[in-house]
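Enquirer: The structure is given below, and queries will be raised subsequently.
The values are calculated or read from the model by the stated rules, or taken from the named source; none is laboratory data. These numbers come from a predicted model, not from an experiment. Here the Cβ positions follow ideal geometry from the backbone for every residue, glycine too, while neighbour counts run over all protein chains shown. All accessible areas refer to the heavy atoms of the entire protein, side chains included, with ligands and DNA or RNA removed. Shrake-Rupley method; radii C 1.70, N 1.55, O 1.52, S 1.80 Å.
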Amino acid sequence: YLMGTVIQIASRVFIMSSAGILFALTTSPTDFVRAFDRLRVPRMFTFPLTVSMRFIPALIREVREIRDSLKLRGLEIGFRSFLRRPGICYRSIFIPLIIRSIAISDELAAAAETRGFGSPAGRTYLHDSKPCGRDFIFVFAVTLFSLAAVILDYRLRGVL
């Protein structure tokens, strides 16, 4: 019973993360905002999603830069050292990462303000977007994976 539950949870996490990664790799934040604007979704909902799409690569880049700077100082930070000395890893990775994240968020707020976010005037676009073949393939793949997860779930429960 426990193994079936683990397989169910792992398959769901895999499907959701695969769909999210595929979405992030194939969709630009500009196209994302444009699509939600066409659906008349308020900006207060689209802005956090757009920020998260742009912030995750920046966060990964910052972690790499912190790790590289620690390597230059002779401190190798890995999974084993994190388990052996969590205090040093906390002070050498998480504190600088939080400080850099705050600086990035401040720059992002300034950029949003200068670009007129929250302005009552409507947004204009240089290019008009329409659904293309990749969009339909993505929807088909997510539907197929979701259907596979449901069938796997029913199989593990013994319904089918």
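Enquirer: Could you tell me which helices of the chain pass both thresholds, a Cα extent of 27 Å or more along their own axis and a mean Kyte-Doolittle hydropathy of at least -1.0, with helices taken as whole DSSP H runs? Please list the in-between numbers first.
Expert: Details: long enough: 2-26 (36 Å, 1.60); 43-72 (43 Å, 0.27); 95-114 (29 Å, 1.01); 133-157 (36 Å, 1.19).
Those that clear 27 Å and a mean of -1.0 are 2-26, 43-72, 95-114, 133-157.
Enquirer: Could I ask something else about it? If you roll a 1.4 Å probe over the heavy atoms of the protein chains, what accessible area per residue do you get for region 1-87, in Å²?
Expert: 75
Enquirer: Sorting C132, C89 by accessible area (1.4 Å probe), largest first, what list results?
Expert: Numbers: C132 55, C89 0 Å².
Ranked list, largest accessible area first: C132, C89.
Enquirer: Of all the accessible heavy-atom surface of the chain, with the other protein chains kept in place and a 1.4 Å probe, what percent is carbon and sulfur?
Expert: On the chain, the fraction of accessible area on carbon and sulfur atoms equals 68 percent.
Enquirer: Sum up the charges of everything whose Cβ sits under 15 Å from the Cβ of R67, counting Lys and Arg as +1 and Asp and Glu as -1, but leave R67 out.
Expert: Numbers: positive: R61, R64, K71, R73, R80, R91, R100; negative: E62, E65, D68, E76.
Once positives and negatives cancel, what remains is +3.
Enquirer: Moving on. Can you tell me how much longer the chain between Y90 and S18 gets when fully stretched, taken as 0.36 nm per residue apart minus their C-alpha distance, in nm with one decimal?
Expert: So the chain would gain 23.0 nm between Y90 and S18.
Enquirer: Please report how far the C-alpha centroid of region 1-53 lies from that of region 67-118, rounded to the nearest whole angstrom.
Expert: 24
Enquirer: Over the heavy atoms of M44, what accessible area does a 1.4 Å probe trace out, to the nearest 10 Å²?
Expert: Near enough 140 Å² of accessible area.
Enquirer: Right, next: Residues in region 26-43 near a label at H127, defined as backbone nitrogen under 15 Å from the 7 Å Cα→Cβ point?
Expert: Of the residues in region 26-43, 26-35 have backbone N under 15 Å from the label point off H127.
Enquirer: Specify the longest stretch of the chain that does not include any exposed loop site, a site being one of the chymotrypsin sites (Phe, Trp or Tyr not before Pro) with a non-H, G, I, E, B DSSP assignment and at most 14 other Cβ atoms within 10 Å.
Expert: Numbers: sites that count: Y1, F117, Y125.
Within the chain, the longest run free of exposed chymotrypsin sites (Phe, Trp or Tyr not before Pro) spans 2-116.
Enquirer: Tell me whether region 17-160 comes out rounded, prolate or oblate; compute the Cα gyration tensor, take square roots of the eigenvalues as a ≥ b ≥ c, and use a/c under 1.5 as the rounded threshold.
Expert: oblate
Enquirer: Something else now. When the chain is modelled as a GNM with alpha-carbon springs shorter than 10 Å, which of R100, R38, R80 fluctuates the most?
Expert: Among R100, R38, R80, the largest GNM mean-square fluctuation belongs to R80.
Enquirer: Using the Cα gyration tensor of region 48-116, with a ≥ b ≥ c the square roots of its eigenvalues, what is the shape: rounded (a/c below 1.5), prolate (a/b larger than b/c) or oblate (neither)?
Expert: Judged from the Cα gyration tensor, region 48-116 comes out prolate (a/c at least 1.5, a/b above b/c).
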